[in-house]
Amino acid sequence: MGQPNLVPLPAAFLSLAERARETLQNNPEHWAQFSNWPETRKDAFDRVVTCSEFALDFLKRDPEVVLALAASGALERTLLHHELRDQLRQCLSSCEDEAELARNLRQFRNQHQLRIIWRDITRQADLDETCTDLTDLADACIDLTYQWLYERLTQQWGVPMGSRSLRPQSMVILGMGKLGANELNLSSDIDLIFAFPESGETDHPKRPLDNQEFFIRLGQRLIKALDSITVDGFVFRVDMRLRPYGSSGALVQSFNAMEQYYQSQGRDWERYAMIKARVVGGEARAGRALLELLRPFVYRRYLDFSAIDSLRSMKLLIQQEVRRRGMSDNIKLGSGGIREVEFIAQAFQLIHG
């Protein structure tokens, strides 16, 4: 998508753009690079720093990164599907410890968040590209961070082995909600569920560790790497409450435990949530097997009238909560809002499969 024609910024905004330019003027080298930009990019700069507080703060903190992004041409073109993952893999390859991992992840995320915001505000990217870019960014950060941590933990505790198959075990990471549906936006957190195929223990010769304990430790470190706030900010806020038993349940469960939970205790809202489940990290083949295992819970083989009644009750509870909180005109939660459109679409998916 090329550079579109945009209406001029309101006069009241021009002073904000001018102050942002002064940040670059304070450094002769930075200003020289900016001065050589084409006018269309300078106009885009004014628009982005005026409309995005994140972009303005980023410019003040790391003007070199903004200039480097512009010089690379990344602000004016669509990234190929594999490029972002390849860049992050290279970025993490030199990390010596988890502190460096956290720093590199956040700097990478901030850089691409700016690129996505720039292209969105200047209308060089449509909504589909923006959501796809953000989802790809989350997928890459989750999966490559998991791989980095898995390698370090197996060096410390050994490789987790299945008690039945006697094969190495990997964690499966399911993305739920907006992440699972490839609908991530700039303010979204990420809903995740962790699982692993088989019970067993690691092959450490002296200190074998139960597989579940191994993956719980791995999951905790993964959440910390993505969610904790440092001087560089955070990568993504992580929400684990959609897992079996919610916050009181184990952080990671085996496939067998997952199947038993959903078949015996799974609630209708969990069927509703599981529609959007997607493998976003870990072992992809095992992840597909897990989703197939849970499919009978999500999509009934027959028309389930009790499920329809449950959907009606769920919708009524949502409406009552919206009225109680005085949010009838809320564009997300109110009548005819985003949540209601989403609910109707997913209700039809549950009924018709």
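The values are calculated or read from the model by the stated rules, or taken from the named source; none is laboratory data. If you're wondering where the values come from, they're calculated on a predicted model, not measured in any experiment. Virtual Cβ from ideal backbone geometry, glycine too; neighbours counted across all protein chains shown. Heavy atoms of the whole protein, side chains included, go into the accessibility calculation; ligands, DNA and RNA do not. Shrake-Rupley method; radii C 1.70, N 1.55, O 1.52, S 1.80 Å.
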message: Looking only at strands (runs of 3 or more DSSP E) that lie completely in the range 167-260, which have at least 3 residues being touching a helix residue (DSSP H, G or I) at 6+ places or on another chain (Cβ under 8 Å), open to solvent by 10 Å² or more (accessible area, probe 1.4 Å) and touching a residue at least 24 places away in the same chain (Cβ under 8 Å)?
response: none
- prompt: So which residues in the range 93-103 are open to solvent by 10 Å² or more (accessible area, probe 1.4 Å) and either within 20 Å of Val280 (Cβ to Cβ) or over 18 Å from the mean Cα position of the chain (by Cα) (or both), if there are any at all?
  reply: Ser93, Ser94, Glu96, Asp97, Glu98, Ala99, Glu100, Ala102
query: Is one or more of the residues making up the range 72-84 within 21 Å of the chain's Cα centre (by Cα), hydroxyl-bearing (Ser, Thr, Tyr), farther than 30 Å from Leu218 by Cβ and buried (at least 18 other Cβ atoms within 10 Å of the Cβ)?
result: no
- request: Look through Thr50, Thr23 and report the one residue that is in a helix (DSSP H, G or I), in contact with a Lys or Arg (Cβ under 6 Å, 6 or more places away or on another chain) and farther than 14 Å from Arg115 by Cα.
  value: Thr23
statement: Exactly one of Asp57, Asp120 is in contact with a Ser or Thr (Cβ under 6 Å, 6 or more places away or on another chain), surrounded by 13 or more Cβ atoms within 10 Å (Cβ to Cβ), assigned to a helix (DSSP H, G or I) and modelled with pLDDT of 90 or more, and that one is Asp120
- prompt: Of all residues in the range 274-287, which are open to solvent by 20 Å² or more (accessible area, probe 1.4 Å), touching a Leu at 6+ places or on another chain (Cβ under 8 Å) and not in a loop (DSSP other than H, G, I, E, B)?
  reply: Arg278, Val279
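Can you tell me which of Ala102, Ala140, Ala125 is on the phi < 0 side of the Ramachandran plot, assigned to a loop (DSSP other than H, G, I, E, B) and touching a helix residue (DSSP H, G or I) at 6+ places or on another chain (Cβ under 6 Å)?
Ala125
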query: For the range 38-53, which residues satisfy the criterion of being open to solvent by less than 60 Å² (accessible area, probe 1.4 Å) and closer than 20 Å to Ser15 by Cβ?
result: Lys42, Ala44, Phe45, Asp46, Arg47, Val48, Val49, Thr50, Ser52
query: Is at least one residue of the range 149-159 under 18 Å from the mean Cα position of the chain (by Cα), surrounded by fewer than 20 Cβ atoms within 10 Å (Cβ to Cβ) and either modelled with pLDDT of 95 or more or of a type outside the set (Ser, Thr, Tyr) (or both)?
result: no
- prompt: Within the range 127-148, restricting attention to residues that are of a type in the set (S, T, N, Q) and open to solvent by 40 Å² or more (accessible area, probe 1.4 Å), which residue is farthest from Phe215 (Cα to Cα)?
  reply: Thr132
task: Please find, within the range 308-353, the residue that is least open to solvent (accessible area, probe 1.4 Å) out of those that are in contact with a Leu (Cβ under 9 Å, 6 or more places away or on another chain) and farther than 14 Å from Ile275 by Cβ.
output: Val322
